[in-house]
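*Asks:* Let me begin by handing over the structure; questions about it come next.
The values are calculated or read from the model by the stated rules, or taken from the named source; none is laboratory data. Here the structure is a predicted model, which is why all the values come from computation and not from measurement. No Cβ is skipped: glycine too gets one built from the backbone with ideal geometry, and neighbour counts run over all protein chains shown.
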């Protein structure tokens, strides 16, 4: 089952699926170099092929030089996967100023297995968000949980996305109009997948099944839209919760981020 999930991930969720919505894309060998609104760059590929460390260093140099030549790009992410063959990639990225962030687990599961009944406190209501104010309330809660000072700009982007793409859903858990947990469901066009993103719960409400119930509701919505698989890149905090919901860890992913020097 794990290999089946990983094969589906590699064949359906890499390359073009990752850069949907990019404002421009360049190709260099196996690399896709995408630019997004807000000055963000992104590097992805299906595989690097039969390369050695010198070949990999040349690919990293080409990608770094490409984005360095674009003055509007402030930040670039190179998304690595633990199951890829990429000799010398870590050293080559660090040498060009990319900084590794915390590794995350690539989690995948069958949506029908996640659509469980989960007992939660009686005062908690789980539903799709209905207003912009609820999107901002969820964003503020997520900003608190993730210590993210830029939560408002991310919430503004989500408001626009929800208006323009009705397939994207934000689900929230609410107590007396307070958003205590939230997470998105993001179907991936042209695939059997939807992503589970942005999951967060206030610390005082953890351990009561709320996030698992939120995941189950998103799974039921995914099934209603004909989606087979759910996928998430999970921190070590959320991984055990998703495992209890029925997702399997198939690999790891580590973002390496380059930030344009000031001046």
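*Asks:* Given the conditions (1) closer than 23 Å to residue 13 by Cβ; (2) surrounded by fewer than 19 Cβ atoms within 10 Å (Cβ to Cβ); (3) over 17 Å from the mean Cα position of the chain (by Cα), and given that residue 157 satisfies all but one, which numbered condition is not satisfied?
*Replies:* In the conditions (1) closer than 23 Å to residue 13 by Cβ; (2) surrounded by fewer than 19 Cβ atoms within 10 Å (Cβ to Cβ); (3) over 17 Å from the mean Cα position of the chain (by Cα), residue 157 misses (3) alone.
*Asks:* Are any residues in region 120-130 touching a helix residue (DSSP H, G or I) at 6+ places or on another chain (Cβ under 9 Å) and assigned to a loop (DSSP other than H, G, I, E, B), and if so, which ones?
*Replies:* Those that are touching a helix residue (DSSP H, G or I) at 6+ places or on another chain (Cβ under 9 Å) and assigned to a loop (DSSP other than H, G, I, E, B): 120, 121, 124, 129.
*Asks:* Of the residues 36, 5, only one is surrounded by fewer than 18 Cβ atoms within 10 Å (Cβ to Cβ) and closer than 28 Å to residue 107 by Cβ; which?
*Replies:* Every option except 36 fails the conditions.
*Asks:* When you scan region 15-85 for strands (runs of 3 or more DSSP E) that lie fully inside it, which ones turn up with 3 or more residues that are under 20 Å from residue 233 (Cα atoms) and in contact (Cβ under 8 Å) with a residue 12 or more places away in the chain?
*Replies:* Because the criterion is at least 3 residues that are under 20 Å from residue 233 (Cα atoms) and in contact (Cβ under 8 Å) with a residue 12 or more places away in the chain, the strands (runs of 3 or more DSSP E) in region 15-85 that meet it are 40-44, 75-81.
*Asks:* Kindly state which strands (runs of 3 or more DSSP E) lie completely within region 169-214 and contain at least 1 residues that are at negative phi, surrounded by fewer than 17 Cβ atoms within 10 Å (Cβ to Cβ) and at pLDDT 95 or above.
*Replies:* The strands (runs of 3 or more DSSP E) meeting that bar are 169-175, 178-187.
*Asks:* Within the bounds of region 131-141, is there any residue that is under 16 Å from the mean Cα position of the chain (by Cα) and assigned to a strand (DSSP E or B)?
*Replies:* No: zero hits.
*Asks:* Can I ask one more? I'd like to check something: does region 230-239 contain any residue that is surrounded by 14 or more Cβ atoms within 10 Å (Cβ to Cβ) and without any contact (Cβ under 8 Å) to a residue 60 or more places away in the chain?
*Replies:* Among the residues of region 230-239, at least one is surrounded by 14 or more Cβ atoms within 10 Å (Cβ to Cβ) and without any contact (Cβ under 8 Å) to a residue 60 or more places away in the chain, which makes the answer yes.
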